[in-house]
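The values are calculated or read from the model by the stated rules, or taken from the named source; none is laboratory data. Just so it is clear, the structure is predicted and the values come from calculations on it, not from any experiment. Here the Cβ positions follow ideal geometry from the backbone for every residue, glycine too, while neighbour counts run over all protein chains shown. In case anyone asks, the SASA skips ligands and DNA or RNA and just uses the protein heavy atoms, side chains included. Shrake-Rupley method; radii C 1.70, N 1.55, O 1.52, S 1.80 Å.
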Amino acid sequence: METITIGMADYAIGRSPINLTTMGLGSCVGITLYDPRNRIGGLVHIMLPTVEQARSRDNLAKFADTGIVQLMEDMIEMGALKSRLHAKIAGGASMFSSGNGSLKIGERNVAATKEVMESLRIPIVAEDTGKNYGRTIKLDTVTGMLTIKSALKGTKVI
Amino acid sequence: MGYKLNEIDQLTEFQYDALREIANIGFGNAATSLSKLVNNEVSINIPALKMQLIEKVPGIVGGEESLVYGIMMQIYGDLNGYIMMLLPAESVKSISSILLNYENDDLLSEMNMSMMQEVGHILGGTYVSSLSDFFNMNISVSPPYATYDMAAAIIDLALIEMSRDLEYALVFDSEMMVKDNIINGKIFTMFDTASLDQIMSRIDKMVL
(Lines give C-alpha, C1' and ligand atoms only; values in the text may rest on other atoms or scores of the structure.)
Protein backbone atom coordinates (compact mmCIF):
# COMPACT_ATOMS: atom_id res chain seq x y z
CA MET A 1 0.00 0.00 0.00
CA GLU A 2 1.24 3.47 -0.83
CA THR A 3 2.32 5.61 2.11
CA ILE A 4 2.37 9.39 2.22
CA THR A 5 4.87 10.83 4.71
CA ILE A 6 3.85 14.08 6.30
CA GLY A 7 6.45 16.47 7.71
CA MET A 8 6.27 18.85 10.64
CA ALA A 9 3.62 21.56 10.20
CA ASP A 10 2.18 19.79 7.19
CA TYR A 11 -0.90 17.74 6.34
CA ALA A 12 -2.21 15.33 3.74
CA ILE A 13 -5.45 13.57 2.90
CA GLY A 14 -6.08 10.37 1.03
CA ARG A 15 -8.67 7.82 -0.02
CA SER A 16 -8.36 4.08 0.74
CA PRO A 17 -6.10 2.22 0.15
CA ILE A 18 -3.36 4.52 1.38
CA ASN A 19 -1.34 5.03 4.56
CA LEU A 20 -0.66 8.44 6.04
CA THR A 21 2.32 8.69 8.37
CA THR A 22 4.31 11.25 10.34
CA MET A 23 7.54 10.47 12.18
CA GLY A 24 8.95 11.40 15.55
CA LEU A 25 6.21 13.44 17.21
CA GLY A 26 7.59 14.90 20.45
CA SER A 27 5.64 17.85 21.83
CA CYS A 28 3.91 18.24 18.48
CA VAL A 29 0.52 16.58 18.02
CA GLY A 30 -0.59 14.38 15.16
CA ILE A 31 -4.33 14.52 14.47
CA THR A 32 -6.07 12.09 12.15
CA LEU A 33 -9.62 12.44 10.83
CA TYR A 34 -11.43 9.55 9.21
CA ASP A 35 -14.70 9.00 7.39
CA PRO A 36 -15.36 5.23 7.71
CA ARG A 37 -18.03 5.13 4.99
CA ASN A 38 -15.98 6.70 2.20
CA ARG A 39 -12.69 5.60 3.73
CA ILE A 40 -11.21 9.02 3.40
CA GLY A 41 -8.52 9.91 5.92
CA GLY A 42 -6.38 12.89 6.78
CA LEU A 43 -3.43 13.66 9.04
CA VAL A 44 -2.04 16.98 10.25
CA HIS A 45 1.17 17.45 12.29
CA ILE A 46 0.74 20.63 14.35
CA MET A 47 3.40 22.50 16.36
CA LEU A 48 1.49 25.19 18.28
CA PRO A 49 -1.99 25.61 19.80
CA THR A 50 -3.23 28.69 18.01
CA VAL A 51 -2.54 31.04 15.14
CA GLU A 52 -3.74 33.96 17.27
CA GLN A 53 -0.42 35.11 18.72
CA ALA A 54 1.63 34.05 15.74
CA ARG A 55 3.62 36.68 13.92
CA SER A 56 3.65 34.66 10.75
CA ARG A 57 0.52 33.04 9.37
CA ASP A 58 1.99 31.67 6.19
CA ASN A 59 1.63 28.04 7.13
CA LEU A 60 -1.76 27.31 8.67
CA ALA A 61 -0.88 23.63 9.20
CA LYS A 62 1.48 24.75 11.97
CA PHE A 63 -1.38 25.51 14.38
CA ALA A 64 -4.05 23.29 15.93
CA ASP A 65 -6.91 25.71 15.33
CA THR A 66 -6.24 26.47 11.68
CA GLY A 67 -4.56 23.17 10.75
CA ILE A 68 -7.44 20.92 11.81
CA VAL A 69 -10.03 23.10 10.05
CA GLN A 70 -7.99 23.10 6.86
CA LEU A 71 -7.63 19.33 7.04
CA MET A 72 -11.38 18.89 7.56
CA GLU A 73 -12.31 21.23 4.71
CA ASP A 74 -10.03 19.42 2.27
CA MET A 75 -11.54 16.08 3.28
CA ILE A 76 -15.07 17.38 2.79
CA GLU A 77 -14.07 18.60 -0.64
CA MET A 78 -12.81 15.09 -1.41
CA GLY A 79 -16.22 13.68 -0.47
CA ALA A 80 -16.05 13.05 3.28
CA LEU A 81 -19.12 13.90 5.33
CA LYS A 82 -18.46 16.07 8.38
CA SER A 83 -21.04 14.28 10.53
CA ARG A 84 -19.33 10.95 9.91
CA LEU A 85 -15.80 12.11 10.79
CA HIS A 86 -14.04 10.89 13.88
CA ALA A 87 -10.62 11.81 15.21
CA LYS A 88 -7.65 10.10 16.79
CA ILE A 89 -4.80 12.07 18.32
CA ALA A 90 -1.25 11.26 19.43
CA GLY A 91 1.83 13.10 20.65
CA GLY A 92 2.04 16.12 22.94
CA ALA A 93 4.78 14.60 25.07
CA SER A 94 7.07 16.39 27.53
CA MET A 95 10.32 15.00 26.21
CA PHE A 96 12.50 16.33 29.01
CA SER A 97 11.42 15.51 32.52
CA SER A 98 13.48 18.18 34.26
CA GLY A 99 12.05 21.42 33.15
CA ASN A 100 10.16 24.64 33.56
CA GLY A 101 6.80 25.83 32.29
CA SER A 102 7.77 26.31 28.67
CA LEU A 103 8.33 22.58 28.47
CA LYS A 104 4.58 22.08 28.94
CA ILE A 105 3.89 22.99 25.33
CA GLY A 106 2.96 19.37 24.59
CA GLU A 107 0.10 19.53 27.09
CA ARG A 108 -1.06 22.83 25.68
CA ASN A 109 -1.05 21.42 22.16
CA VAL A 110 -3.23 18.50 23.29
CA ALA A 111 -5.65 20.78 25.17
CA ALA A 112 -5.97 23.10 22.17
CA THR A 113 -6.58 20.13 19.87
CA LYS A 114 -9.41 18.90 22.09
CA GLU A 115 -10.99 22.35 22.15
CA VAL A 116 -10.91 22.57 18.37
CA MET A 117 -12.49 19.12 18.07
CA GLU A 118 -15.21 20.08 20.48
CA SER A 119 -16.04 23.25 18.62
CA LEU A 120 -16.15 21.29 15.34
CA ARG A 121 -18.22 18.58 17.06
CA ILE A 122 -15.92 15.85 15.83
CA PRO A 123 -15.56 13.06 18.42
CA ILE A 124 -12.08 11.96 19.52
CA VAL A 125 -12.50 8.18 19.60
CA ALA A 126 -8.97 7.32 20.74
CA GLU A 127 -5.83 9.06 21.89
CA ASP A 128 -2.29 8.35 22.99
CA THR A 129 -0.89 11.61 24.33
CA GLY A 130 1.43 13.05 26.96
CA LYS A 131 4.13 11.09 28.79
CA ASN A 132 7.79 11.60 27.94
CA TYR A 133 8.56 9.79 24.72
CA GLY A 134 8.39 10.30 20.96
CA ARG A 135 5.87 8.66 18.64
CA THR A 136 5.62 7.77 14.96
CA ILE A 137 2.04 7.35 13.79
CA LYS A 138 0.42 5.76 10.75
CA LEU A 139 -3.22 5.93 9.69
CA ASP A 140 -4.48 3.02 7.61
CA THR A 141 -7.32 4.43 5.48
CA VAL A 142 -8.66 0.93 4.75
CA THR A 143 -9.53 0.33 8.41
CA GLY A 144 -9.19 3.72 10.10
CA MET A 145 -6.79 2.17 12.61
CA LEU A 146 -3.92 4.29 13.90
CA THR A 147 -0.62 2.53 14.64
CA ILE A 148 1.62 4.25 17.16
CA LYS A 149 5.26 3.27 17.32
CA SER A 150 7.69 4.40 20.00
CA ALA A 151 11.40 3.83 20.44
CA LEU A 152 11.39 2.13 23.83
CA LYS A 153 7.72 1.65 24.75
CA GLY A 154 6.64 -0.65 21.94
CA THR A 155 3.89 -0.33 19.34
CA LYS A 156 0.16 -0.03 19.83
CA VAL A 157 -2.88 0.23 17.57
CA ILE A 158 -5.78 2.48 18.54
CA MET B 1 15.36 44.06 9.44
CA GLY B 2 15.74 40.30 9.67
CA TYR B 3 17.20 38.08 7.00
CA LYS B 4 15.09 35.78 4.86
CA LEU B 5 15.80 32.54 3.10
CA ASN B 6 16.84 34.08 -0.18
CA GLU B 7 18.95 36.73 1.51
CA ILE B 8 21.49 34.24 2.76
CA ASP B 9 22.44 33.85 -0.89
CA GLN B 10 22.94 37.59 -1.07
CA LEU B 11 25.53 37.68 1.68
CA THR B 12 28.91 38.77 0.40
CA GLU B 13 31.55 36.12 0.20
CA PHE B 14 33.26 37.77 3.11
CA GLN B 15 30.13 37.69 5.28
CA TYR B 16 29.45 34.08 4.39
CA ASP B 17 33.01 33.06 5.19
CA ALA B 18 32.84 35.00 8.42
CA LEU B 19 29.67 33.16 9.46
CA ARG B 20 31.29 29.86 8.65
CA GLU B 21 34.38 30.87 10.59
CA ILE B 22 32.20 31.65 13.59
CA ALA B 23 30.67 28.20 13.43
CA ASN B 24 34.17 26.78 13.20
CA ILE B 25 35.34 28.68 16.25
CA GLY B 26 32.35 27.59 18.32
CA PHE B 27 32.29 23.95 17.28
CA GLY B 28 36.10 23.76 17.24
CA ASN B 29 36.34 24.90 20.83
CA ALA B 30 33.53 22.57 21.86
CA ALA B 31 35.41 19.71 20.17
CA THR B 32 38.59 20.67 22.02
CA SER B 33 36.81 20.54 25.35
CA LEU B 34 35.33 17.15 24.44
CA SER B 35 38.77 15.86 23.51
CA LYS B 36 40.14 16.92 26.90
CA LEU B 37 37.24 15.20 28.57
CA VAL B 38 37.61 11.87 26.80
CA ASN B 39 41.37 12.15 26.47
CA ASN B 40 41.28 11.48 22.74
CA GLU B 41 41.59 13.56 19.61
CA VAL B 42 38.25 14.86 18.34
CA SER B 43 37.81 16.01 14.76
CA ILE B 44 34.94 18.02 13.32
CA ASN B 45 33.62 18.44 9.80
CA ILE B 46 33.52 21.87 8.24
CA PRO B 47 30.17 23.16 9.44
CA ALA B 48 27.33 23.51 6.97
CA LEU B 49 25.41 26.73 7.12
CA LYS B 50 21.79 27.14 6.05
CA MET B 51 18.90 29.49 6.37
CA GLN B 52 16.03 27.10 6.75
CA LEU B 53 12.27 27.12 7.21
CA ILE B 54 11.93 25.90 10.80
CA GLU B 55 9.58 23.04 9.95
CA LYS B 56 12.13 21.75 7.43
CA VAL B 57 14.96 21.50 9.97
CA PRO B 58 14.25 17.82 10.82
CA GLY B 59 15.16 17.06 7.21
CA ILE B 60 18.62 18.59 7.68
CA VAL B 61 19.28 16.68 10.85
CA GLY B 62 18.36 13.51 8.99
CA GLY B 63 16.90 10.21 10.14
CA GLU B 64 13.83 11.50 11.95
CA GLU B 65 13.22 8.12 13.54
CA SER B 66 16.83 7.25 14.29
CA LEU B 67 17.41 6.56 17.96
CA VAL B 68 19.82 9.04 19.44
CA TYR B 69 20.85 10.53 22.71
CA GLY B 70 19.97 14.19 22.52
CA ILE B 71 21.20 17.06 24.64
CA MET B 72 19.63 20.47 24.19
CA MET B 73 20.51 23.85 25.64
CA GLN B 74 19.01 27.25 25.06
CA ILE B 75 21.32 30.11 24.08
CA TYR B 76 20.17 33.48 25.30
CA GLY B 77 21.39 37.04 25.71
CA ASP B 78 22.75 39.04 22.76
CA LEU B 79 22.25 35.96 20.60
CA ASN B 80 19.20 33.70 20.89
CA GLY B 81 18.80 30.14 19.81
CA TYR B 82 19.57 26.55 20.68
CA ILE B 83 22.56 24.27 20.69
CA MET B 84 21.94 20.55 20.35
CA MET B 85 23.96 17.39 20.24
CA LEU B 86 22.71 14.08 18.93
CA LEU B 87 24.75 10.95 19.63
CA PRO B 88 24.09 7.29 18.88
CA ALA B 89 23.84 4.86 21.81
CA GLU B 90 27.27 3.35 21.16
CA SER B 91 28.91 6.75 21.56
CA VAL B 92 27.22 7.33 24.90
CA LYS B 93 28.44 3.92 26.05
CA SER B 94 31.98 4.83 24.95
CA ILE B 95 31.82 8.12 26.85
CA SER B 96 30.53 6.31 29.91
CA SER B 97 33.29 3.71 29.79
CA ILE B 98 35.92 6.47 29.45
CA LEU B 99 34.53 8.85 32.05
CA LEU B 100 32.95 6.50 34.56
CA ASN B 101 35.06 3.49 33.81
CA TYR B 102 32.03 1.32 33.30
CA GLU B 103 29.43 0.73 30.61
CA ASN B 104 25.85 1.22 31.57
CA ASP B 105 23.35 -0.27 29.13
CA ASP B 106 20.48 1.71 30.55
CA LEU B 107 20.98 4.97 28.70
CA LEU B 108 18.25 6.65 30.69
CA SER B 109 19.73 5.74 34.07
CA GLU B 110 20.30 8.65 36.39
CA MET B 111 24.05 8.10 36.15
CA ASN B 112 24.09 8.31 32.35
CA MET B 113 21.69 11.24 32.27
CA SER B 114 23.75 13.37 34.62
CA MET B 115 26.98 12.37 32.90
CA MET B 116 25.62 13.38 29.48
CA GLN B 117 24.12 16.58 30.87
CA GLU B 118 27.52 17.44 32.23
CA VAL B 119 29.20 16.66 28.91
CA GLY B 120 26.58 18.78 27.15
CA HIS B 121 27.06 21.60 29.58
CA ILE B 122 30.82 21.64 29.08
CA LEU B 123 30.50 21.59 25.29
CA GLY B 124 27.68 24.12 25.20
CA GLY B 125 29.46 26.36 27.69
CA THR B 126 32.66 26.31 25.64
CA TYR B 127 30.74 27.04 22.46
CA VAL B 128 28.93 30.01 23.94
CA SER B 129 31.94 31.47 25.72
CA SER B 130 34.05 31.30 22.56
CA LEU B 131 31.37 33.27 20.70
CA SER B 132 31.05 35.74 23.60
CA ASP B 133 34.80 36.36 23.51
CA PHE B 134 34.96 36.65 19.75
CA PHE B 135 32.14 39.18 19.46
CA ASN B 136 32.45 40.70 22.90
CA MET B 137 28.81 39.87 23.52
CA ASN B 138 26.83 38.71 26.52
CA ILE B 139 25.65 35.20 25.75
CA SER B 140 24.57 32.52 28.21
CA VAL B 141 23.52 28.93 27.99
CA SER B 142 20.69 27.23 29.92
CA PRO B 143 21.12 24.00 31.87
CA PRO B 144 21.08 21.05 29.48
CA TYR B 145 18.07 18.83 28.86
CA ALA B 146 18.82 15.27 27.81
CA THR B 147 16.93 12.19 26.67
CA TYR B 148 17.23 9.11 24.49
CA ASP B 149 14.57 8.84 21.77
CA MET B 150 13.78 9.45 18.09
CA ALA B 151 15.80 12.38 16.72
CA ALA B 152 12.78 14.31 15.43
CA ALA B 153 10.95 13.97 18.76
CA ILE B 154 13.98 15.29 20.65
CA ILE B 155 14.42 18.41 18.56
CA ASP B 156 10.78 19.34 18.08
CA LEU B 157 10.55 21.32 21.34
CA ALA B 158 13.34 23.66 20.24
CA LEU B 159 11.71 24.02 16.81
CA ILE B 160 8.35 24.79 18.41
CA GLU B 161 9.92 27.48 20.59
CA MET B 162 11.71 29.01 17.60
CA SER B 163 8.60 28.94 15.44
CA ARG B 164 6.51 31.04 17.83
CA ASP B 165 7.88 34.22 16.30
CA LEU B 166 9.84 33.08 13.31
CA GLU B 167 9.61 31.30 10.02
CA TYR B 168 13.30 30.83 9.35
CA ALA B 169 16.29 29.89 11.46
CA LEU B 170 20.00 30.08 10.76
CA VAL B 171 21.25 26.53 11.20
CA PHE B 172 24.88 25.45 11.58
CA ASP B 173 25.53 21.76 11.65
CA SER B 174 28.61 19.63 11.92
CA GLU B 175 29.75 16.18 12.92
CA MET B 176 32.20 15.27 15.63
CA MET B 177 34.32 12.15 15.58
CA VAL B 178 36.76 10.56 17.96
CA LYS B 179 39.33 8.31 16.32
CA ASP B 180 38.21 4.82 15.35
CA ASN B 181 34.70 6.24 15.51
CA ILE B 182 34.28 5.22 19.17
CA ILE B 183 32.39 8.45 19.61
CA ASN B 184 30.55 10.29 16.86
CA GLY B 185 27.65 12.63 16.77
CA LYS B 186 26.00 15.66 15.29
CA ILE B 187 26.24 19.07 16.83
CA PHE B 188 24.11 21.89 15.60
CA THR B 189 22.91 25.33 16.52
CA MET B 190 19.96 27.42 15.45
CA PHE B 191 19.81 31.17 15.79
CA ASP B 192 16.91 33.51 15.26
CA THR B 193 17.09 36.09 12.51
CA ALA B 194 17.62 38.97 14.97
CA SER B 195 20.78 37.18 16.09
CA LEU B 196 21.92 36.97 12.50
CA ASP B 197 21.45 40.74 12.24
CA GLN B 198 23.57 41.16 15.39
CA ILE B 199 26.30 38.90 14.08
CA MET B 200 26.32 40.65 10.72
CA SER B 201 26.63 44.09 12.24
CA ARG B 202 29.60 42.91 14.34
CA ILE B 203 31.21 41.37 11.30
CA ASP B 204 30.71 44.54 9.28
CA LYS B 205 32.36 46.57 12.06
CA MET B 206 35.34 44.25 12.03
CA VAL B 207 35.96 45.10 8.39
CA LEU B 208 36.12 48.83 9.04
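A few points about this structure:
- Helix B:193-207 vs. chain B, principal-axis angle (Cα, 0 to 90°, nearest 10): 70
- Helical contribution to [θ] at 222 nm, DSSP H n ≥ 4, -39,500 (n - 2.57), averaged over chain A, rounded to 500: -6500 deg cm²/dmol
- Based on DSSP H segments of at least four residues, each scored -39500 (n - 2.57), chain B has a per-residue ellipticity at 222 nm of -15500 deg cm²/dmol.
- Loop-located GluC sites (Glu not before Pro) in the range A:1-110 (DSSP state not H, G, I, E or B) with no more than 16 neighbouring Cβ atoms inside 10 Å: A:52.
- Compared with the dominant principal axis of the Cα atoms in chain A, helix A:64-78 is inclined by about 10°.
- Protein accessible area in the protein assembly as shown, 1.4 Å probe - carbon and sulfur %: 48
- For the range A:107-158 and the range B:130-159, distance of Cα centres in Å: 29
- Tilt relative to chain B, helix B:13-38 - C-alpha long axis, 0 to 90 degrees, to 10: 20
- Residues in the range B:136-159 that, when all protein chains are in place, have 30 Å² or more less accessible area than the chain alone would give (probe 1.4 Å): B:145, B:147, B:149, B:150, B:153, B:156, B:157
- Dipole magnitude for chain B: about 420 debye, using +1 per Lys or Arg Cβ and -1 per Asp or Glu Cβ, origin at the Cα centre.
- Annotation: per residue accessible area for the range B:59-208 equals 37 Å², rounded to a whole number [probe 1.4 Å, protein chains only].
- Placing +1 on each Lys and Arg Cβ and -1 on each Asp and Glu Cβ, with no other charges, gives the range B:139-208 a dipole about its Cα centre of roughly 280 debye.
- Dipole moment magnitude, nearest 20 debye, the range A:1-87 about Cα centre, only Lys, Arg, Asp, Glu C-beta charged: 180
- Seen through its C-alpha gyration tensor, with square-root eigenvalues sorted a ≥ b ≥ c, the range A:2-157 comes out oblate because a/c lies at 1.5 or above while a/b is not bigger than b/c.
- Cα-based shape type of the range B:5-207, given that a ≥ b ≥ c are square roots of the gyration tensor eigenvalues and the cut on a/c is 1.5: prolate
- Euclidean distance between Cα centres, the range B:55-122 to the range A:48-100, Å: 30
- Relative contact order (%) - chain A, alpha-carbon pairs under 8 angstrom, separation at least six: 27
- Once A binds B, the 1.4 Å probe can no longer reach about 2600 Å² of accessible area, counting both sides.
- Paramagnetic reach from residue B:24 (point 7 Å along Cα→Cβ, amide N under 14 Å) across the range B:173-208: none
- What the range A:1-41 shows is 35 Å² of accessible area per residue, with the surface traced by a 1.4 Å probe over protein heavy atoms.
- Gain upon complete extension [residue A:142, residue A:76; 0.36 nm per residue less C-alpha separation]: 22.0 nm
- Estimated at 0.36 nm per residue, the fully extended path between residue B:104 and residue B:204 surpasses their Cα-Cα distance by 31.1 nm.
- The range A:1-94: trypsin sites (Lys or Arg not before Pro) falling in loop per DSSP and having at most 12 other Cβ within 10 Å: A:37, A:55, A:57
- Positive dipole terminus of the range B:5-207, leading residue within B:122, B:89, B:53 (C-beta point charges): B:122
- Contact residues in the range A:45-69 by the 40 Å² criterion (accessible area, 1.4 Å probe, full protein complex versus chain alone): A:47, A:48, A:55, A:62.
- Among the GluC sites (Glu not before Pro) found in the range B:79-130, those both in a DSSP coil and sparsely packed, with 14 or fewer other Cβ atoms within 10 Å of their Cβ, are B:103.
- Among A:40, A:18, A:89: highest mean-square fluctuation, GNM of chain A, C-alpha pairs under 10 Å: A:18
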